[in-house]
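J.: Here's a structure for you.
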Ligand code: B12
Ligand code: SF4
Ligand code: SF4
């Protein structure tokens, strides 16, 4: 809990100088942007409640659990008066071309944010280091870093702090940096000068993201039904992927980037130089049959410290089975699936059988032509 309002009586010039120092330290720590938001979040609070009331969160019960703490920083951490929000870019400089991998039904596409180390840890450590530097000059300050680790309305806060606008694809976008970045924040009782919100939106009449979504997850601009989003289906959903959603998933085995790849503002994104986000284990460009052959031990070793880790081996196989079922009916794909038809877990067996039958069917059709 943030306690103590010790810093409230700072002379204004001191607190403005501290804000400037914080921006400089953030840059030194490899963060690409930093803004300061007041804790008044309207209209994001209302929009969030509407999204929830429509059931758009599906099985993500944690989205509904914390009530107003999500849109009221001072309820989550009493004493909070400002939220320092930061941006960390992740587009990996030397990864295989995303569109080329997506176009190849024999390869598996992993969302670009998940190719390297888990950002939660990497980014949170930077924010913790930033908090340490602030504490060195303000020992009484309350400072609590979060990276998607608490009920926080990260995009709303970042828009308020001037880091960008919320695009029709619901991502936070900056005109000079696109949207390939993570967001993180530090809740504080320091009365830092708040930045101006990013008021303009630069989507205009564009609808590229809405049109390209492979599973038609947008019910309108700024309206995402998570239950239809491939990121939800391949990462959040615990059980069976609804059959009607499987064909649209294509070869995406973990997350989806289509609504960002289509966004013209991402032409301005800068590749990340962060070593931690360099692709590991060839995840940027692997054959589906190779990924499907990972044993439980292989998965444990290769997914350790990566965002894939929380998926677990069974859901990894579930996702790859769907992608194989959406790909070409090669001998290698059929053999890989056949080898998993008697997998001990029903979740894996069911998706494998679905894929195997699909490929057999496509073979029959091709033979009778
Ligand atoms: C739940 C969640 C998901 C869900 C739901 C996504 C969603 N759009 O709501 C699923 C699993 C589908 C998902 C997918 C992805 N996610 Co996610 N996700 C979250 C999480 C945990 C909460 C988001 C949330 O509150 N959603 C509820 C909706 C209502 O809130 P919102 O997204 O902020 O939406 C705002 C706008 O829609 C806006 N709005 C509504 N109507 C209108 C109308 C107008 C005119 C305007 C201007 C705005 C507007 O108001 C809302 C409230 O501010 C955040 C982390 C966090 N704690 O905030 C990460 C986060 C949003 N995800 C992130 C990422 C990277 C992704 C993926 C790209 C991952 C991937 N490659 O697979 C995809 C992108 C899909 C997409 N188009 O959003 C990043 C986004 C960074 C950025 N640049 O914006 C975040 C911030 C995590 C992080 N710390 O970096 N995610
Ligand atoms: S991440 Fe993919 S599935 Fe989800 S909304 Fe964007 S394009 Fe659609
Ligand atoms: S693709 Fe077009 S409509 Fe979608 S977020 Fe980008 S600019 Fe906005």
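J.: Just checking, which of 292, 299, 268 is surrounded by fewer than 17 Cβ atoms within 10 Å (Cβ to Cβ) and more than 16 Å from ligand 2 (Cβ to nearest atom)? Working first, answer last.
T.: On the way: 292 fails: surrounded by fewer than 17 Cβ atoms within 10 Å (Cβ to Cβ); 299 fails: surrounded by fewer than 17 Cβ atoms within 10 Å (Cβ to Cβ).
Being surrounded by fewer than 17 Cβ atoms within 10 Å (Cβ to Cβ) and more than 16 Å from ligand 2 (Cβ to nearest atom) holds for just one of 292, 299, 268, which is 268.
J.: Something else: I'm trying to understand the selection: among the residues of the stretch 198-215, which are more than 20 Å from the chain's Cα centre (by Cα) and either closer than 20 Å to residue 251 by Cα or within 10 Å of ligand 3 (Cβ to nearest atom) (or both)?
T.: 201, 202, 203, 204, 205, 206, 207, 211
J.: What about residue 309, is it in a helix (DSSP H, G or I) and surrounded by fewer than 17 Cβ atoms within 10 Å (Cβ to Cβ)?
T.: yes
J.: For residues that are part of a strand (DSSP E or B) and either modelled with pLDDT under 95 or touching a helix residue (DSSP H, G or I) at 6+ places or on another chain (Cβ under 6 Å) (or both), tally how many sit in the stretch 215-244.
T.: 1
J.: Okay, moving on. Please go through the stretch 257-305 and give me each residue that is more than 16 Å from ligand 1 (Cβ to nearest atom), in contact with a helix residue (DSSP H, G or I) (Cβ under 9 Å, 6 or more places away or on another chain) and assigned to a loop (DSSP other than H, G, I, E, B), ordered by number.
T.: Of everything in the stretch 257-305, those that are more than 16 Å from ligand 1 (Cβ to nearest atom), in contact with a helix residue (DSSP H, G or I) (Cβ under 9 Å, 6 or more places away or on another chain) and assigned to a loop (DSSP other than H, G, I, E, B) turn out to be 280, 281, 282, 285, 293, 294, 295, 305.
J.: Search the stretch 245-257 for residues being over 13 Å from residue 180 (Cβ atoms) and under 15 Å from the mean Cα position of the chain (by Cα), and hand back the single one that is farthest from ligand 3 (Cβ to nearest atom).
T.: Only one residue fits best here, namely 253.
J.: Taking the conditions exactly as written (surrounded by fewer than 19 Cβ atoms within 10 Å (Cβ to Cβ) and either closer than 17 Å to residue 113 by Cβ or modelled with pLDDT of 95 or more (or both)), does residue 253 satisfy them or not?
T.: no
J.: Can you work out which of the residues in the stretch 9-39 that are part of a loop (DSSP other than H, G, I, E, B) and in contact (Cβ under 8 Å) with a residue 40 or more places away in the chain is farthest from ligand 1 (Cβ to nearest atom)?
T.: 10
J.: Part of a strand (DSSP E or B), in contact (Cβ under 8 Å) with a residue 12 or more places away in the chain and more than 10 Å from ligand 2 (Cβ to nearest atom) - does that describe any residue in the stretch 196-214?
T.: Among the residues of the stretch 196-214, not one is part of a strand (DSSP E or B), in contact (Cβ under 8 Å) with a residue 12 or more places away in the chain and more than 10 Å from ligand 2 (Cβ to nearest atom), which makes the answer no.
J.: Going by what's in this entry, would residue 223 be described as surrounded by fewer than 22 Cβ atoms within 10 Å (Cβ to Cβ) and either within 8 Å of ligand 1 (Cβ to nearest atom) or closer than 21 Å to residue 66 by Cα (or both)?
T.: Spelling it out, residue 223 is indeed surrounded by fewer than 22 Cβ atoms within 10 Å (Cβ to Cβ) and either within 8 Å of ligand 1 (Cβ to nearest atom) or closer than 21 Å to residue 66 by Cα (or both).
The values are calculated or read from the model by the stated rules, or taken from the named source; none is laboratory data. This is a predicted model, so every value here is computed, not measured. Here Cβ is always computed from backbone atoms with ideal geometry, including for glycine, and neighbour counts include all displayed protein chains.
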